[in-house]
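Structure first, then comments.
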Amino acid sequence: MHIPKKYFHDRSVLGLLGANAAFFLLSVITVLLGVSSNENVTSIVAYRETSKIGQIQGANSDLYQFAMFAVVVTVASVLLSLKLYIHRRHLAVGVLALNILLLVMDIIIFSALTTL
């Protein structure tokens, strides 16, 4: 894959890559430290307000999917940003900015499920 020469010289791209890396590490560390398999074998993995069940129980290992989501989304957004930078710089910056939103939502939802 061809990396544009100006990609790593752009201040906004570098700032967003740094913020993405920080939120990615925060998300993965939150998940790894937040899953406590010693206490329970099962935990709440989903919550549906509209259903009669409400809380859906599952194995603690299902919560590691939040960390996998962070990995997949971050890698995909960086690769997409690299591809878009040649043609549309503002779209590449927008993709990196939206990744921060996804990582923040990942942390919030994981925290909401584990602190109920």
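A few notes on this one:
- Total residues in region 1-28, condition loosely packed, with under 12 Cβ neighbours inside 10 Å and either among the hydrophobic types (A, V, I, L, M, F, W, C) or at pLDDT below 75 (or both): 3
- Condition check for I53: touching a His at 6+ places or on another chain (Cβ under 9 Å) and modelled with pLDDT under 95: no
- Condition met for T74 (closer than 13 Å to S27 by Cβ and either more than 13 Å from the chain's Cα centre (by Cα) or at pLDDT 95 or above (or both)): yes
- Considering residues of region 85-109 that are more than 18 Å from A67 (Cβ to Cβ) and touching a residue at least 60 places away in the same chain (Cβ under 8 Å) only, the residue farthest from the chain's Cα centre (by Cα): I86
The values are calculated or read from the model by the stated rules, or taken from the named source; none is laboratory data. Keep in mind that this is a model prediction, so the values were computed, not measured. So basically every Cβ, Gly included, is an ideal-geometry build from the backbone, and we count neighbours across all protein chains shown.
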